Amino acid sequence: MSSKFFLGQAGNYRAKDTIKHTFAIASKKWSNILRRYLADYYETEVKNVFLMNNGRSALAAALKTYLKPGSEVIINGFTCYAVLQAVEKANCTPVYADINKKTLNFDTKTLADAIKRHPNAKAIIIQNTLGICVDMKSIEQFAQKHQLVIIEDLAHCAGFNYPDGRKVGSVGVAAALSFGKGKSLDSITGGALILNQPPKASKTTKTPVRFGYQAPKLSDSLRARFYPLLAAIGRFTTKIHLQKYWYGPLIRLHFIERAVDAKLSFSRRPAHWQAKLIYQQFQHFEEYGAKPIRTHRLVRDRAKVLDELEKAGYNFREVWYDVPVSPVRYYKQVNFDERACPVATEVSAHIVNLPTYYPASDLNEAVKIIERNEYAKN
Ligand SMILES: Cc1ncc(COP(=O)(O)O)c(C=O)c1O
């Protein structure tokens with residue numbers, strides 16, 4: 001059977017959303033409205049909110065604001081290459097902490113192990129993988145004890161709350177939002193930086209920080225505008241098994257950019273029309289609550305399960321994360337020490353994802369296939 005359901009490929013964009021996205025128009029007023037809204041939501045001042053060209057740039061800007069170059073930063077051992085790019089752009093060094101199999105996040109036990117290996121680490125990036133939030137109280141205590149600055153990465157968890165009720169994004173010195181493809185808030189590209197602690201408290205910044213003050217490049221803005229439309233055609237070509245003839249040339253001609261290949265910039269912001277769409281998506285959260293971008297299960301033989309799913313009409317190959325620092329294409333150059341993060345290594349070999357944007361009944365067959373192949377090892 002050809003694919004009917006997709007993970008990625010803008011599968012969350014229904015026809016109505018695609019039209020709304022493609023033809024969105026907005027003035028500067030909307031960027032200001034979004035900044036004001038984010039400032040109110042995260043209880044800070046507008047001057048501490050910066051719209052950025054993507055989430056990784058926002059993360060890098062957060063690190064640059066609060067850390068000295070060369071600082072070691074603890075990150076989740078199960079993550080996206082974009083996070084590593086952010087750490088490197090801020091001239092810092094990543095230290096990976098292993099994850100807890102239940103939450104897909106580091107916990108105080110795995111953090112203790114990372115600190116033992118790197119006693120001079122200066123910060124931690126909290127990722128709240130797939131919207132599963134960490135036990136922030138215990139992590140905060142740990143951070144205080146070891147004098148670690150907390151930075152929150154909201155790419156997977158905008159609009160969520162920690163188990164103790166606090167808003168995700170309101171605890172650390174800074175929070176980085178991503179508005180990238182397939183994220184909780186999605187305008188294909190874009191991001192925002194929220195500085196919760198006034199940057200003048202930082203030892204490294206002498207002048208007020210200034211990020212995201214330049215319009216996006218026209219080519220980036222056009223790519224972001226047309227991606228949902230091109231992906232809708234792409235989903236059709238996937239159904240008839242001709243996707244390589246569609247995506248191949250589009251990627252070679254730079255009409256489509258793979259998310260992981262996006263560039264970092266401290267100066268660029270998203271387009272005003274993207275700010276308007278993100279503002280509207282945030283309103284939706286407030287009304288209906290945020291839901292996880294994906295759910296996950298562990299299976300014994302992932303390659304076999306993905307083939308079986310595809311035969312049943314589910315194209316779920318774009319797994320987060322299929323290697324500890326994803327995607328595979330960049331993994332080799334990362335020099336990840338798998339022995340230091342055995343759980344992340346094991347989970348990344350067995351994880352599959354299910355989208356949350358289809359009615360549950362559409363996924364019944366997929367769930368059955370996954371459950372037949374469940375990976376039971378604890
Ligand atoms: C955990 C996490 N943080 C940050 C990012 C960066 O987001 P962006 O693509 O907007 O730079 C991503 C994805 O790319 C991610 O998965």
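Each reported figure results from applying straightforward, stated rules to the coordinates on display, with no laboratory input. Every value quoted in this text rests on a predicted model; they were computed, and no experiment measured them. Please note: Cβ atoms are built from the backbone with ideal geometry, for glycine as well, and neighbour counts cover all protein chains shown.
Among 179, 160, the order by Cβ neighbours within 10 angstrom, fewest to most, reads 160, 179. DSSP bridge analysis restricted to the chain gives an antiparallel fraction near 45%, rounded to the nearest 5.
For region 84-181, the calculated P(r) over all alpha carbon pairs, in 5 Å bins from 0 to the bin holding the longest distance, is 3, 13, 24, 27, 22, 10, 2, 0 percent. Would you kindly give the portion of the calculated P(r) for region 25-201 that falls above 31 Å, as a percent of all Cα pairs? Result for the distance tail: 9 percent.
Under a model in which nothing but the beta-carbon of Lys, Arg (+1) and Asp, Glu (-1) is charged, region 25-201 shows a dipole of about 360 debye around its Cα centre. Here's the list of aspartates and glutamates a cross-link from residue 181 could span, going by alpha-carbon distance under 17 Å and ignoring same-chain residues fewer than 8 apart: 17, 153, 220, 257, 261, 318.
Tell me, 49, 319 in order of fewest to most beta-carbon neighbours within 10 Å?
Final ranking by Cβ density, sparse to dense: 319, 49.
In a simple Cβ point-charge model (Lys, Arg +1; Asp, Glu -1; nothing else charged), the chain has a dipole of about 1080 debye relative to its Cα centre. Per residue, the convex hull around the alpha carbon atoms of region 273-378 comes to 164 Å³. In summary, the convex hull built on the alpha carbon positions of region 1-110 has an orientation-averaged projected area of 11.2 nm². The GNM of the chain, with springs linking C-alpha atoms under 10 angstrom apart, assigns the highest mean-square fluctuation among 275, 262, 176 to 262.
Applied to region 301-317, the Karplus parametrisation 6.51 cos²θ - 1.76 cosθ + 1.60 on θ = phi - 60° returns per-residue 3J(HN,Hα) values of 10, 4, 4, 5, 5, 5, 5, 5, 4, 4, 4, 8, x, 10, 8, 10, 6 Hz, with x for Gly and Pro.
The lysine pair count for region 216-369, using Cα distances under 29 Å and pairs eight or more places apart or on different chains, is 21.
The HN-Hα couplings worked out from phi for region 340-351 by the Karplus form 6.51 cos²θ - 1.76 cosθ + 1.60 (θ = phi - 60°) are 7, 10, x, 6, 4, 5, 5, 4, 5, 7, 10, 6 Hz, whole numbers, x standing for Gly and Pro. Cα convex hull, the chain: 134 Å³ per residue, rounded to a whole number.
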